[in-house]
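Below: one structure, written as structure tokens.
The values are calculated or read from the model by the stated rules, or taken from the named source; none is laboratory data. None of these values were measured; they are calculated from a predicted model. Neighbour counts are summed over all protein chains in view; Cβ atoms, including those assigned to glycine, are modelled from backbone coordinates with ideal geometry.
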Amino acid sequence: MANRKLITEQDFQEAMDRQVHVRVFQDDQIVDSGVVIIRFTDTFIVTQSGVSDVTYHDRKGCEFFEMRRR
């Protein structure tokens with residue numbers, strides 16, 4: 001797997017549109033993995049891993065990586 005860091009509005013929009021799996025880091029630790037982005041603003045990213053499992057991540061305090069298969 002190759003990981004691509006999501007930074008720009010376009011990065012987040014593409015990841016959301018394609019429903020790719022994302023890994024989320026905060027303070028150099030994985031806090032979420034295998035989730036999809038369902039919404040984003042300039043202050044937070046909302047991810048979902050199941051029907052009722054929704055998490056809000058601070059956009060400035062976290063790093064987001066698209067998980068791609070090679």
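Considering region 42-70, and only residues there that are in a loop (DSSP other than H, G, I, E, B) and within 12 Å of the chain's Cα centre (by Cα), the residue that is modelled with the lowest pLDDT turns out to be Ser49.
Name every residue in region 19-41 that is in a strand (DSSP E or B) and of a type in the set (D, E, K, R), in order of residue number.
So the first thing to find is which residues in region 19-41 are in a strand (DSSP E or B), and the list is 22-26, 29-40.
Within region 19-41, Arg23, Asp32, Arg39 meet the criteria.
Going by what's in this entry, would Asp32 be described as among the acidic types (Asp, Glu) and exposed (fewer than 15 other Cβ atoms within 10 Å of the Cβ)? Judged against the criteria, Asp32 is not a match.
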